[in-house]
Amino acid sequence: MGHERVYEDKDIIAFLDAFPCVEGQTLIIPKKHVGYFIDMDDNLYKKLMLVSKKIAKAIQKSFNPVKVGVIIEGLEVNHVHVKLYPLSKGGFGEVIKCKPKISEESMKEIARKIKASL
C-alpha cells in the first residue's frame, strides 16, 4: 500500500498514515532528515508547524471531527514527523486502542477529501 500524498512543497511533505487509527490520520514530515524536533532549524520548525496547521484545517473541513489532535513524534522512526488525528468525543482513547485496517481505495478517497479542502 502506497502513501497517499495530500501536500508537498520543497521542504515538507504530508501523506495519509498507512496504518491509521482514525480516518484522515495524516503525517507531515520535513524532507530534510531531522531526528529530534529540538534540533530543527527554527525556520524549518515554523514551516512544519504552519503546514501542519493548514492540513489540520483541511482535515477539520473534510471530516468535521470534534477536534484535530496533534502529536510530534520521532521515536519509532528516527525522523521528526507531526501526526494529525481527527478526533471524536473518544479523544485519544480511540487512537490508543486502535487496530488499523484500511483499503487502498479508502486511502485514495480520504486523500482526495483533504486535498480538496486545502
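The values are calculated or read from the model by the stated rules, or taken from the named source; none is laboratory data. Keep in mind that what you see is a predicted model, and the values were worked out from it rather than measured. Virtual Cβ from ideal backbone geometry, glycine too; neighbours counted across all protein chains shown.
Under the condition of being among the charged types (D, E, K, R), under 22 Å from ILE13 (Cα atoms) and part of a helix (DSSP H, G or I), which residue from the range 64-118 is modelled with the lowest pLDDT?
So, considering only residues that are among the charged types (D, E, K, R), under 22 Å from ILE13 (Cα atoms) and part of a helix (DSSP H, G or I), the one modelled with the lowest pLDDT is GLU104.
Which residues, taken from the range 5-21, are over 11 Å from the mean Cα position of the chain (by Cα), surrounded by 15 or more Cβ atoms within 10 Å (Cβ to Cβ) and modelled with pLDDT under 95?
The answer is CYS21, and nothing else.
For the range 30-38, state whether one or more residues are more than 21 Å from GLU104 (Cα to Cα), at pLDDT below 90 and part of a strand (DSSP E or B).
So far as the range 30-38 goes, no, none of its residues is more than 21 Å from GLU104 (Cα to Cα), at pLDDT below 90 and part of a strand (DSSP E or B).
Can you tell which of LYS61, LYS47 is charged (D, E, K, R), touching a residue at least 24 places away in the same chain (Cβ under 8 Å), assigned to a helix (DSSP H, G or I) and buried (at least 16 other Cβ atoms within 10 Å of the Cβ)?
LYS47
If you go through the range 47-56 one residue at a time, do you hit one that is under 23 Å from SER103 (Cβ atoms), among the hydrophobic types (A, V, I, L, M, F, W, C) and modelled with pLDDT of 95 or more?
yes
Which of (1) on the phi > 0 side of the Ramachandran plot; (2) at pLDDT below 85 does GLY24 not meet, given it meets every other one?
Of the numbered conditions (1) on the phi > 0 side of the Ramachandran plot; (2) at pLDDT below 85, the odd one out for GLY24 is (2).
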